[in-house]
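Participant: Next up is a structure, given as structure tokens.
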Amino acid sequence: MTLHAELRVTRGTFTLELDLTIEAGEVVALLGPNGAGKTTALRALAGLDAGGRVRHNGSTWDGLPAERRPIGVVFQDYLLFAHMTALDNVAFGPRARGVRKADANVVAAQRLEQVGLAGFAKAKPRTLSGGQAQRVALARALATDPELLLLDEPLAALDASTRLRVRSELARHLRDYPGHTLLVTHDPLDAMVLADRLVILEHGRVVQQGTPKDVVRQPRTDYVANLVGLNFYRGLADDTTIRLDDGGTLTVAEPATGPVHVVFPPTAVSLFPDKPSGSPRNTWPATVAGIEQHAHTTRVELDGSPAVVADITTATVADLRLQPGTTLWVSLKATEIHTYPAG
Amino acid sequence: MRRLLAVVTALTLVGCAAKQPTTGEITVFAAASLTESFTKLGKDFEAKNPGAKVKFNFAGSSALAQQINQGAPVDVFASAAPANMKQVTDSGAVTASPATFVKNTLQIAVPKGNPGKVSGLADFGNPGLKIALCAEQVPCGAAAKKVFEAAKITAAPDTLEQDVKAVLTKVRLGEVDAALVYRTDVKSAGDSVEGKDFPEADKAVNEYPIAPLAKAPNAGAAKAFVDFVLSEQGRKVLAEAGFTAP
Amino acid sequence: MTKPPAVLLLPALAGVAFLLVPLAGLLVRAPWADLPRQLLSAEVGEALRLSLITASLATIVCLLLGVPLAWLLARGDLPGRGILRALITVPLVLPPVVGGVALLLVLGRRGLVGQYLDEWFGVTLPFTTTGVVLAEAFVAMPFLVISVEGALRAADPRFEEAAATLGASRWLTFRRVTLPSVMPGVVAGTVLCWARALGEFGATITFAGNFPGRTTTMPLAVYLALETDPDAAIVLSIVLLLVSIAVLAGLRDRWISGPT
């Protein structure tokens, strides 16, 4: 069973035009920068805003308000009802859909147990930790057995250590959930771990979609490349020589022709104080534009033709005495460069 | 405030020194029913006595009596009832013997056109009519009580209002079919209220006493104003307002 | 507890004195010996009972009309909302006596609406206990509406969206989600509203008149007692004061420090 959605929303100069299909049991992540229209899409799907046409199992949800759509939503800050216990929060959906109080409480207790919070039925939301609140929110969204589960940045409100644990729990729950799931996030890691398929949204349009593996390997926009941490260029290939659109030429190992995308990891880039003499066929001068210290490596942004990002060891930073404005030589092995047809 | 007091005191002192008792500021506390007539009298008094300035505080007589007993700086008190005057003589705020300057009698007030077809005091016992009276605690209510006792009528009022203006409002708006108020009130209400005399009215004649205060800041002028109210000219103005001579 | 700066402390203490010294004056001047007799007198009992009943009924009227009105102002999408909000606060600035006259002009026997009530149903509102309730509700409702509207505007509307995604109708959402979340505001508004209704004088005496047992509430009794017997007026005021403090304190225990 497939869920088809056609989302068309206009807000001032912003237009969202998004066609989505989600299979039963599939988790689709809607990934994009701030302002891309992710939340707009979620609200339209949920029926909180107009513009969400949905076909599913022979019925259409066009024009239905949220309360009449078979959905469950986990909001970014969970929006648990503060005056109700965890159990009442989870039972609220079934109650609202006409289930008798006693039965709704049974369902709610089961759902809480599934998320490992059986002992917290009587707890008020403000006494729960962030991770617990997130699980109550998930239990509440699933308590009505929705056809479509919508997750709006479900991990964004958690601190880093909790996040790791809750993410893997959430992944497990999503695997067990038979319905259609749409996960809205700007965090690539959440998307990669939780989703079967990524849909990348920029400026209200889909710019790329595919499995996490494909997207990571073959980004199609600067945003996606940046997200997955690759140097990314568009160019015109002629055998093993690629003329880059923004200036510069690269020599690659695999021959190709026509418009291509070119990617290589920042770790493939080496930096030298002087023009290297040796095997790498790609060398060019560049100027340090910025330096960022990461956990175990240093990321260096370099202006040149082409501009490039390099990850080097801290030892190298010290050897080269790097600082903004320093001129260096960039070296890149042809075998490290990956090309694939554009379009 | 202190500066104002100083000016007033200075004016008073100047007045005393020059032996001209009818200059300076005179503060008169007068019953609300005297509002129109005393305002006119004040203007006439000022016209006659250049340099004199009459300031009025119009309110319910009992409220005024209380303010005087609490020490308000007042020159003259004109009360709508002897009882309230007695409160200030009892406390010693007034030592001169009060003079009755006008009388007021009750009249039946009906809305314009007399929709309740009220013809006399007997109609006040008709429970089908909407009737307003003053509360017994205020002078017009006490007077009404006397009148009904004299006429041996058990009135069936729907409301006992806190003052005569409130009664008049209800007559004017047609909310009641009849009310008992003073002649002066009917007169002040203009065309929207009709007044009807009735014979038992002289069983409750209300006397208005006036007196200068013992500690009047402007004692000479206070006496002059009281005299003016009691004069032929003063009586004329009061008669126009519906009061009868004592 | 932090030590308050003197700049705040001094005016605060002056404020306390300003509010409490007149009350102390009442207590000091009260003829205490007379208190039991007054308390037990039929007139006082009657006026007190009438006051409590009418103030409570007026508060119920205010809740039934005012809470939906507050919701409309806070959440509704109606044009001219700002003007409507300003108009609703008019009874706050209007002298109550004028409010009473306005009620007479509309609901009186010859009033715009009242004449038809009389003609078609034989219902006249002035000089009735219902009239007292209406006058009190008229004057007290803005307190409730403003208080509840403030609470509603401070409440996050996304909770209502969350309820909708769980399948709750607008009405269920209002009852089970919105209303409980603004309960402190509703309670505060109700208390203010009740207190204002209990102390109402001007609109009541103007619209409903004064008749013992029917429309003479405590404030009216106090005012009229002041005409002849100031001591009795003080005693009546203290009775009203004590009863209202007892009720408000009781409400507070029940609602404000109750289950949250």
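The values are calculated or read from the model by the stated rules, or taken from the named source; none is laboratory data. Since this is a predicted model, take the numbers as computed values, not measurements. Because the Cβ atoms are built from the backbone with ideal geometry, glycine has one as well, and the counts that use them run over all protein chains shown. Only protein heavy atoms, including side chains, enter the accessible area calculation; ligands, DNA and RNA are left aside. Shrake-Rupley method; radii C 1.70, N 1.55, O 1.52, S 1.80 Å.
Participant: Find the sum over both chains of the accessible area lost when C and A are paired, probe 1.4 Å, and report it in Å² to the nearest 100.
Facilitator: 1800
Participant: Could you tell me which of rounded, prolate or oblate describes the stretch A:229-341, using a ≥ b ≥ c as the square roots of the eigenvalues of the alpha-carbon gyration tensor, with rounded for a/c under 1.5 and, failing that, prolate when a/b is larger than b/c and oblate otherwise?
Facilitator: Prolate shape, in that a/c is at least 1.5 and a/b is the bigger ratio.
Participant: Run the numbers on the stretch C:58-216 and let me know its relative contact order in percent, using alpha-carbon pairs under 8 Å that are six or more apart.
Facilitator: Value for the stretch C:58-216: 37 percent.
Participant: To the nearest 0.05, how large is the calculated FRET efficiency for residue C:8 and residue A:113 if R₀ is 60 Å and r is the Cβ-Cβ distance?
Facilitator: 0.70
Participant: Hey, another quick one. Binning at 5 Å from 0, report for the stretch B:76-156 what percent of all alpha-carbon pair distances ends up in each bin.
Facilitator: Pairs per bin, as whole percents: 3, 12, 20, 18, 14, 11, 9, 7, 4, 2.
Participant: Based only on the alpha carbon positions, what is the Kirkwood hydrodynamic radius of the stretch A:138-291, in angstrom?
Facilitator: 18.7
Participant: Right, another one. Could you give the size of the charge dipole of the stretch A:230-289 about its Cα centre, using +1 on the Cβ of each K and R and -1 on the Cβ of each D and E, expressed in debye and rounded to the nearest 20?
Facilitator: Using Cβ point charges on Lys, Arg, Asp and Glu, the stretch A:230-289 gives about 120 debye.
Participant: Need the full-extension length gain, residue C:35 to residue C:153, defined as separation in residues times 0.36 nm minus the C-alpha distance. One decimal, nm.
Facilitator: In short, 37.9 nm is gained.
Participant: When the Kirkwood hydrodynamic radius is evaluated over all pairs of different C-alpha atoms of the protein assembly as shown, what value in angstrom, to one decimal, is obtained?
Facilitator: 35.2
Participant: Sort A:152-163, C:36-47 for me by packing, meaning the mean count of neighbouring Cβ atoms within 10 Å per residue, highest on top.
Facilitator: A:152-163, C:36-47
Participant: Label points 7 Å out from Cα along the Cβ direction at residue A:8 and residue B:67: separation in nm?
Facilitator: Calculated label separation equals 7.5 nm.
Participant: Sort A:27-34, B:191-198 for me by packing, meaning the mean count of neighbouring Cβ atoms within 10 Å per residue, highest on top.
Facilitator: In decreasing order of mean packing, A:27-34, B:191-198 become A:27-34, B:191-198.
Participant: Among rounded, prolate and oblate, which fits the stretch B:106-203 when a ≥ b ≥ c are the square roots of the eigenvalues of its C-alpha gyration tensor, a/c under 1.5 means rounded, and a/b larger than b/c means prolate?
Facilitator: rounded
Participant: Hey, another quick one. List, largest first, the extents of the alpha carbons of chain A along their principal axes, each in whole Å.
Facilitator: Largest to smallest, the principal-axis extents are 80, 42, 36 Å.
Participant: Give the residues of the stretch B:44-87 whose amide nitrogen is closer than 11 Å to a point set 7 Å from the Cα of residue B:205 in the direction of its Cβ.
Facilitator: Of the residues in the stretch B:44-87, none has backbone N under 11 Å from the label point off residue B:205.
Participant: Also, quick follow-up: Under a Cβ-Cβ cut-off of 12 Å, what is the net charge of the residues other than residue B:201 that fall near it, where Lys and Arg count +1 and Asp and Glu count -1?
Facilitator: Local charge sum for residue B:201: +2.
Participant: Turning to a different aspect of this structure: Considering every residue in C:156-164, what mean count of other chain Cβ atoms within 10 Å of its Cβ is obtained?
Facilitator: Average neighbour count from other chains, rounded to a whole number: 6.
Participant: So, one more: Taking only Cα atoms, what is the 0 to 90° angle, nearest 10, from helix B:2-17's long axis to the longest principal axis of chain B?
Facilitator: Long axis of B:2-17 versus the principal axis of chain B: about 70 degrees.
Participant: Also, I was wondering about something else. If you stretched the chain out fully between residue B:154 and residue B:215, how much longer would it get, using 0.36 nm times the residue separation minus the C-alpha to C-alpha distance?
Facilitator: Here the segment from residue B:154 to residue B:215 would lengthen by 17.4 nm.
Participant: Which whole-percent values make up P(r) of the stretch C:115-177 when all C-alpha to C-alpha distances are grouped in 10 Å steps starting at zero?
Facilitator: Calculated over all Cα pairs of the stretch C:115-177, the distribution is 18, 25, 21, 21, 14, 0 percent.
Participant: On to the next question. Among C:51, C:166, C:22, which residue has its Cα furthest toward the positive end of the charge dipole of chain C, with +1 on Lys/Arg Cβ and -1 on Asp/Glu Cβ?
Facilitator: It is C:166.
Participant: Further, regarding this structure: Just want to confirm a number: the relative contact order over chain B, from Cα pairs under 8 angstrom separated by 6+ residues, in percent.
Facilitator: Taking the mean separation of contacting Cα pairs over the length of chain B, I get 28 percent.
Participant: Something else now. Rounded to the nearest 20 debye, what is the charge dipole size of the stretch B:160-246 about its Cα centre when +1 sits on each Lys and Arg Cβ and -1 on each Asp and Glu Cβ?
Facilitator: Magnitude of the dipole: close to 380 debye.
Participant: Also: Output the 0 to 90 degree angle, nearest 10, between the alpha-carbon long axis of helix A:86-96 and the longest principal axis computed from the alpha carbons of chain A.
Facilitator: 70
Participant: With the solvent-accessible surface defined on protein heavy atoms using a 1.4 Å probe, which residues belonging to the stretch C:71-119 display a reduction of at least 10 Å² in accessible area in the multichain context relative to the isolated chain?
Facilitator: Buried by the other chains: C:101, C:104, C:105, C:109, C:110.
Participant: Sum up the charges of everything whose Cβ sits under 14 Å from the Cβ of residue B:102, counting Lys and Arg as +1 and Asp and Glu as -1, but leave residue B:102 out.
Facilitator: Net of charged neighbours comes to +1.
Participant: Hey, got the average number of other protein chain Cβ atoms within 10 angstrom for residues in A:76-85?
Facilitator: 4
Participant: Please report the relative contact order for the stretch A:1-131, taking Cα pairs under 8 Å with a sequence separation of at least 6, and give it as a percent rounded to a whole number.
Facilitator: Computed over the stretch A:1-131, the figure is 18 percent.
Participant: Still on this structure, I have one more. Go from 0 up to the bin containing the longest alpha carbon distance in chain B, width 10 Å each, and give me the % of pairs per bin.
Facilitator: Result, from short to long distances: 8, 31, 31, 19, 10, 3, 0 percent.
Participant: Something else about it: May I have the count of lysine pairs in chain A with C-alpha atoms under 22 Å apart, counting pairs 8 or more residues apart or located on different chains?
Facilitator: 4
Participant: In Å², nearest 100, what accessible area do chains C and B bury in total when the solvent probe is 1.4 Å?
Facilitator: Summing both sides, the interface buries roughly 2000 Å².
Participant: Here's another thing I want to ask about it. In chain C, which helices (entire DSSP H runs) extend 27 Å or more along their own long axis, judged by Cα positions, while averaging at least -1.0 on the Kyte-Doolittle scale?
Facilitator: Membrane-span-like by this rule: C:6-29, C:42-75, C:129-154, C:230-251.
Participant: By the scheme Lys and Arg +1, Asp and Glu -1, what is the net charge of all other residues having a beta-carbon under 12 Å from that of residue C:171?
Facilitator: +1
Participant: While we're looking at this one, here's another question. Determine one quarter of the surface area of the Cα convex hull of chain C, which equals its mean projected area, and express it in nm² to one decimal.
Facilitator: 19.0
Participant: Can you sort A:1, C:218 by 1.4 Å-probe accessible area, starting with the largest?
Facilitator: From most accessible down to least: A:1, C:218.
Participant: Further question on the same structure: If you roll a 1.4 Å probe over the heavy atoms of the protein chains, what accessible area per residue do you get for the protein assembly as shown, in Å²?
Facilitator: For the protein assembly as shown, the solvent-accessible area averages 47 Å² per residue.
Participant: Additional query: Please average, across the residues of C:208-220, the number of beta carbons from any other chain that are within 10 Å of each residue's own beta carbon, and give a whole number.
Facilitator: 4
Participant: Give me D for the stretch C:105-148 in µm² s⁻¹, whole number, from Stokes-Einstein with Rh from the Kirkwood sum over alpha-carbon pairs, 20 °C and 1.002 mPa s.
Facilitator: Value of D from the Cα-based Kirkwood radius: 191 µm²/s.
Participant: What residue among A:128, A:193, C:144 has its Cα farthest toward the positive end of the dipole of the protein assembly as shown, where the charges are +1 on Lys, Arg and -1 on Asp, Glu, each on the Cβ?
Facilitator: Selected residue: C:144.
Participant: Based on the Cβ-Cβ distance of residue A:205 and residue A:126, what FRET efficiency does E = 1/(1 + (r/R0)^6) give at R0 = 30 Å, to the nearest 0.05?
Facilitator: It comes to 0.15.
Participant: Ranked by accessible surface with a 1.4 Å probe, highest first, in what order do B:45, A:272 come?
Facilitator: Ranked from most to least accessible, the order is A:272, B:45.
Participant: Now a separate question. To test your reading of the geometry: what angle, between 0 and 90 degrees and rounded to tens, separates the Cα axis of helix B:82-91 from the longest principal axis of chain B?
Facilitator: 40
Participant: Could you order C:2, A:127, A:21 so the one with the most accessible surface comes first? Probe is 1.4 Å.
Facilitator: C:2, A:127, A:21
Participant: Calculated from DSSP H runs of 4 or more alone, at -39500 (n - 2.57) each and per residue, what is the 222 nm mean residue ellipticity of the protein assembly as shown, nearest 500?
Facilitator: -13500 deg cm²/dmol
Participant: Let me know the shape class of the stretch A:16-66, please: from the alpha-carbon gyration tensor, a ≥ b ≥ c as square roots of the eigenvalues, rounded when a/c is under 1.5, otherwise prolate if a/b is greater than b/c, or oblate.
Facilitator: Oblate shape, in that a/c is at least 1.5 and b/c is the bigger or equal ratio.
Participant: For the stretch A:115-130, just list the computed ³J(HN,Hα) in residue order, Karplus coefficients 6.51, -1.76 and 1.60, θ = phi - 60°, integers in Hz, with x standing in for Gly and Pro.
Facilitator: Calculated HN-Hα couplings, in order: 8, x, 10, 4, x, 10, 4, 8, 6, 7, x, 5, 8, 8, 6, x Hz.
Participant: Let me ask something else about it. Ignoring ligands, DNA and RNA, what percent of the accessible area of the protein assembly as shown is carbon or sulfur (1.4 Å)?
Facilitator: 59
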